[in-house]
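Written below as structure tokens is the structure these notes are about.
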Amino acid sequence: MSNKLNWAILGCGNIANDFAREMNKMGSKVYSVANRTYEKAVAFAERYNVEKVYENIDDLFTDENVDIVYIATPHNKHIDYIIKSLENGKHVLCEKAITLNSDELNKAVSLANEKNLILAEAMTIYNMPLYNELEKIISSGELGEFRLG
């Protein structure tokens, strides 16, 4: 079995472009792309050497070659796309905010657990050097006891 995952990107906005560009820089390839506007998905695929473009977004979820779906659509569509991905056996990396409310999140997490799939929210803030340094300072205690509200 190969360790290479076939990534599908759903949505072609700025963040999706950043994601595809970074995947290419790392030597990874995005397998497929879907977007509300097919022409935009075709242009995206040409720009990032993506193998497959779906005319119908729902075809992404049933493509047996897709292992993981990166969701970069408006927030109000996240839960629908997360559920469709998970129901079809796909891991999910979803842009923040992952859902609109805790009920949607609980539903998604339950389904991911039931299907033994990974559901993750793309939170770059936790990897920024500034926040890593702040964590060290807070953990050191040099500022005193840290308390919320």
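The values are calculated or read from the model by the stated rules, or taken from the named source; none is laboratory data. Since the structure is predicted, the reported quantities are computational estimates derived from the model, not experimental observations. Virtual Cβ from ideal backbone geometry, glycine too; neighbours counted across all protein chains shown. Just the protein is used for accessible areas: all its heavy atoms, side chains included, with ligands, DNA and RNA removed. Shrake-Rupley method; radii C 1.70, N 1.55, O 1.52, S 1.80 Å.
Looking at the stretch 54-103, which of the residues that are touching a residue at least 24 places away in the same chain (Cβ under 8 Å) and acidic (Asp, Glu) is most open to solvent (accessible area, probe 1.4 Å)? Only one residue fits best here, namely Glu87.
Would you call Val50 surrounded by 14 or more Cβ atoms within 10 Å (Cβ to Cβ), assigned to a loop (DSSP other than H, G, I, E, B) and in contact (Cβ under 8 Å) with a residue 12 or more places away in the chain? Criteria met by Val50. Residue pairs whose Cβ atoms lie under 6 Å apart, separated by 6 or more positions or on different chains, with the first residue in the stretch 125-140 and at pLDDT 85 or above and the second loosely packed, with under 10 Cβ neighbours inside 10 Å, are Ile138/Phe146. Residues in the stretch 1-25 that are assigned to a loop (DSSP other than H, G, I, E, B) and either over 17 Å from the mean Cα position of the chain (by Cα) or buried (at least 22 other Cβ atoms within 10 Å of the Cβ) (or both) were compared, and the one that is modelled with the lowest pLDDT is Met1. Total residues in the stretch 55-82 satisfying the condition of being polar (S, T, N, Q), part of a helix (DSSP H, G or I) and over 24 Å from Asn116 (Cβ atoms): the figure is 1. With respect to (1) part of a helix (DSSP H, G or I); (2) open to solvent by 10 Å² or more (accessible area, probe 1.4 Å); (3) of a type outside the set (Phe, Trp, Tyr); (4) more than 20 Å from Val109 (Cα to Cα), the lone exception for Ser28 is condition (1). Among the residues of the stretch 104-138, those that are open to solvent by 80 Å² or more (accessible area, probe 1.4 Å) and polar (S, T, N, Q) comprise Asn106, Asn113, Asn116, Thr124, Asn127. Scanning the stretch 125-146 turns up no residue that is within 12 Å of the chain's Cα centre (by Cα), part of a loop (DSSP other than H, G, I, E, B) and either of a type in the set (A, V, I, L, M, F, W, C) or closer than 14 Å to Gly11 by Cα (or both).
Scan the stretch 31-47 for residues that are buried (at least 18 other Cβ atoms within 10 Å of the Cβ) and without any contact (Cβ under 8 Å) to a residue 12 or more places away in the chain and the total you get is 0.
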